[in-house]
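Structure in structure tokens, see below.
The values are calculated or read from the model by the stated rules, or taken from the named source; none is laboratory data. Note that the coordinates shown come from a computational prediction; the quantities given were computed from them, not determined experimentally. In this analysis, Cβ positions are derived from the backbone assuming ideal geometry, glycine residues included, and neighbour counts consider all displayed protein chains. Remember, those area values only see protein heavy atoms, side chains included, never the ligands or the DNA or RNA. Shrake-Rupley method; radii C 1.70, N 1.55, O 1.52, S 1.80 Å.
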Amino acid sequence: MTDTISGLLDETHDPSRTSWVLSANGHCDFPVQNLPLAIFSCARQGPRGGIAIGDAILDLSALAESGLLHSKALVAAQAASDGKLNRFLALGSGPRRALRRAVSELLSNPAHREGVETMLYSQASTTLHLPAKIGDYTDFYVGIHHASNVGKLFRPDNPLLPNYKHIPIGYHGRASSIAPSDRPVRRPLGQMISPGDTAPTFGPSRRVDFELELGVWIGNGNQLGEPISIGAARHSVAGISLLNDWSARDIQAWEYQPLGPFLSKNFHTTVSPWIVTQEALEPFRTGQLARDLADPRPLPYLWDDEDQATGALAATLEVHILSRLMREQGIAPFRLSKTSTANMYWTMAQLVAHHTVGGCNLNSGDLLGTGTISASERGGFGSLLEISSGGQAPIELTTGERRTFLEDGDEILLSGRLEAPGFVSIGFGECRGIVTGARSMSGLFPPSLVMAGE
Ligand code: MN
């Protein structure tokens, strides 16, 4: 190994390193080069931190008590023994990296097998939870093709608003309704208005959509009034996950002006439960795609040469759908989209620098969504709003079923891979959710107000 790409590459990224946990070798998501963290529980143990290795989870609480760890690595494992990873995230990169190096050695050197094997659980026997208590959640809009595709639906001649290339657009989302992968997503009720009508109707959304995004986990944050500079911003990001920002387009279209999305977004957000750490991402850093010559240069607080040179990620993201009929007939999920994180107009560091420049404090365990990441062509669109051209052009699934937006029983599966020549590729694990039927409306009103037939 050399440090020609970055001084932070070490023996944990060595492509020849394998694990005595045999399922890790060649694993599409969790080879020994990844080592992401999550909170898990099982029949015998309450929620605690764990590290993925192949099909297994290493119990960090047991590891902290084993005597096998020392100094910073021990501090990190102790902090990760809580039911939430916030205390671990707050430690920053030093202890995080020390734990990674220690765990990589323990899981790759067969001499440690006997001592460590008893701390492993089969992932299939565990439940995964949210990795942290998320104090605040912010969703951005960095997918330039998404912004431009959606803009075109409303403003064919002027898809991107004038601020887009100057400022990372975002809004403050809702943390309470973020759930880990594999929790059902109930179709929301709300107000919507039909074209030509002057008053809204109330009922289940008929335009439930997904949004393919990355989730960015904040490690050590900042004090109120103390911005994080663009040069330091990368060090505030502890790691990333996949994120599905479920959206109700009919509710959104009626409510979003003038203050932005509200109930159309706050009914549910799914995040993959594994935090893929900054250290695991190191081999997959790449330069931010060059801006068009005509694009404005961002203000100095958003610009850092090193961030531009190495602050983007080489990740391929995919979205698949599995309808109820496909599930019943044993048909494989149908791919709706394949795109790349190269389509992000702003880097993660720029999001952090912008979020805090006015003095706003980010806390450990806060979550940022990047915004929908679409490619420029239809096969890479990150939402059904784009794929179906605003509901005008249904897509046909392998069963012959057609979709503009999601039906009850549809499952959406997000996946992602990080690849770089000379390195073992890693993935994020699962980010999935099934849309279920709306809550009965009759329960919402006094009986006298429920109309006949409802
Ligand atoms: Mn979004």
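Looking at (1) part of a helix (DSSP H, G or I); (2) modelled with pLDDT under 95; (3) of a type outside the set (Ser, Thr, Tyr), which one does Leu289 not meet, given that it meets all the others?
(1)
In segment 355-407, how many residues are within 16 Å of the ligand (Cβ to nearest atom), among the hydrophobic types (A, V, I, L, M, F, W, C) and in contact with a Phe, Trp or Tyr (Cβ under 6 Å, 6 or more places away or on another chain)?
3
Can you tell me how many residues within segment 89-123 are small (Gly, Ala, Ser), part of a helix (DSSP H, G or I) and touching a residue at least 24 places away in the same chain (Cβ under 8 Å)?
Result for segment 89-123: 7.
Pick from segment 248-264 the residues that are open to solvent by 20 Å² or more (accessible area, probe 1.4 Å) and among the polar types (S, T, N, Q): which of them is farthest from Thr201 (Cα to Cα)?
Per the criteria, the residue is Gln257.
So, Gln78, is that one within 19 Å of Leu130 (Cα to Cα), polar (S, T, N, Q) and not in a loop (DSSP other than H, G, I, E, B) or not?
Criteria met by Gln78.
Restricting attention to segment 207-241, report how many residues are within 16 Å of the ligand (Cβ to nearest atom) and either out of contact with any Gly (no Cβ under 9 Å at 6 or more places or on another chain) or part of a loop (DSSP other than H, G, I, E, B) (or both).
5
In segment 392-413, what residues are open to solvent by less than 20 Å² (accessible area, probe 1.4 Å) and under 20 Å from Gly151 (Cα atoms)?
Correct list: Phe405 only.
If you don't mind, there's one more thing I want to ask. Which pairs have Cβ atoms under 8 Å, sit 6 or more apart or on different chains, and link a residue in segment 134-152 that is under 21 Å from Leu85 (Cβ atoms) and of a type in the set (A, V, I, L, M) to one that is within 14 Å of the ligand (Cβ to nearest atom) and open to solvent by less than 30 Å² (accessible area, probe 1.4 Å)?
Ile134/Ile178; Ile134/Leu367
Related question: Does Val352 qualify as being more than 16 Å from the ligand (Cβ to nearest atom) and either aromatic (Phe, Trp, Tyr) or surrounded by fewer than 24 Cβ atoms within 10 Å (Cβ to Cβ) (or both)?
Considered against the rule, which asks whether it is more than 16 Å from the ligand (Cβ to nearest atom) and either aromatic (Phe, Trp, Tyr) or surrounded by fewer than 24 Cβ atoms within 10 Å (Cβ to Cβ) (or both), Val352 comes out as no.
Identify all residues within segment 179-192 that are part of a loop (DSSP other than H, G, I, E, B) and open to solvent by less than 60 Å² (accessible area, probe 1.4 Å); write none if there are none.
Ser181, Arg187, Pro188 - these are the residues of segment 179-192 that are part of a loop (DSSP other than H, G, I, E, B) and open to solvent by less than 60 Å² (accessible area, probe 1.4 Å).
Looking only at segment 137-178, count every residue that is among the hydrophobic types (A, V, I, L, M, F, W, C), at pLDDT 95 or above and open to solvent by 70 Å² or more (accessible area, probe 1.4 Å) and tell me the total.
So the count comes out to 0.
To continue, here is another question. Return the residue satisfying two criteria in turn: it lies in segment 124-149 and is within 30 Å of Ser23 (Cα to Cα) and in a loop (DSSP other than H, G, I, E, B), and of such residues it is farthest from the ligand (Cβ to nearest atom).
Thr126
For His166, only one of the following conditions fails: (1) farther than 25 Å from Asn343 by Cα; (2) away from the ligand (no atom under 16 Å from the Cβ). What is its number?
(1)
On to the next question. Residues in segment 374-389 that are assigned to a helix (DSSP H, G or I) and either open to solvent by 20 Å² or more (accessible area, probe 1.4 Å) or among the hydrophobic types (A, V, I, L, M, F, W, C) (or both): how many?
Residues meeting the conditions: 5.
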